[in-house]
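Have a look at the structure below before the remarks.
The values are calculated or read from the model by the stated rules, or taken from the named source; none is laboratory data. These numbers were taken from a predicted model, which means no experiment stands behind them. A quick note on method: Cβ atoms are made from the backbone with ideal geometry, for glycine too, and the neighbour counts reach across all protein chains shown. Remember, those area values only see protein heavy atoms, side chains included, never the ligands or the DNA or RNA. Shrake-Rupley method; radii C 1.70, N 1.55, O 1.52, S 1.80 Å.
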Amino acid sequence: GIESGLTLGTPLTIIVSNKDARPKDYSKMVSKYRPSHADATYDAKYKILASSGGGRASARETIGRVAAGAVAKKLLREIYGIEVVAYVKSVHNISATTMRVDLDKVQVSDVEATAVRCPDIEVANKMISLIDRVRRDGDSVGGVVECVARQVPAGLGSPVFDKLEADLAKAIMSIPATRGFEIGSGFT
């Protein structure tokens, strides 16, 4: 709980109602696994297929992470002075470059200015057009989210099994449909 704007040291509860449930949209899952989803793995491990919407393998499962992340982001900023900004860097082959998005200066307000959460308005409009076209074709495309953390003090995490980078990688890679994670120069 929370009282008078302060946490009481007990768990916080956040309730999000799904007002747009459409179980019949998943009727084909009974006989066919979705590509790039955890349906096959979930079925193999638990011997059950949540054909009404994906169950624990559903992307809706991420809402708890989003809510907890909002709380954590606020705590990091207010208690430790750490600023975290994440944005959509690319959708399919359309990318915002570091020449157009300054990682030292990009702000949450820049990110929130577009529906696709890309701080480069021109690139964001191209992304939105591509997403709309692909959606009309009944398909989807991947993308890249870039996250910048500023004023992070040295020494966070533990030296062996609880390294900050390892914990971040585990958290990010457990998000449904995530296929890669990099720190620093990473894949480049």
Complete set of residues in the stretch 141-157 that are assigned to a strand (DSSP E or B) and either among the acidic types (Asp, Glu) or farther than 24 Å from residue 123 by Cα (or both): 146, 150, 157
Which residue, of 77, 60, 100, is touching an Asp or Glu at 6+ places or on another chain (Cβ under 8 Å), within 27 Å of residue 7 (Cβ to Cβ) and surrounded by 12 or more Cβ atoms within 10 Å (Cβ to Cβ)? 77
Quick one: which of 160, 134, 145, 152 is hydrophobic (A, V, I, L, M, F, W, C) and open to solvent by less than 60 Å² (accessible area, probe 1.4 Å)? 134
Residue that is nearest to residue 91 (Cα to Cα), among those in the stretch 163-188 that are β-branched (Val, Ile, Thr) and assigned to a loop (DSSP other than H, G, I, E, B): 178
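Quick check on my filter: what residues within the stretch 103-131 are open to solvent by 30 Å² or more (accessible area, probe 1.4 Å) and either under 23 Å from residue 176 (Cβ atoms) or in contact with a Cys (Cβ under 7 Å, 6 or more places away or on another chain) (or both)? Break it down into steps so the answer makes sense when it comes.
Within the stretch 103-131, the first condition is being open to solvent by 30 Å² or more (accessible area, probe 1.4 Å), and the residues that meet it are 103-105, 107-110, 112-113, 115, 117, 121-122, 125-126, 128-129, 131.
Hits for the stretch 103-131 are 115, 117, 128, 131.
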Just to be sure, is residue 160 assigned to a loop (DSSP other than H, G, I, E, B) and within 25 Å of residue 98 (Cα to Cα)? no
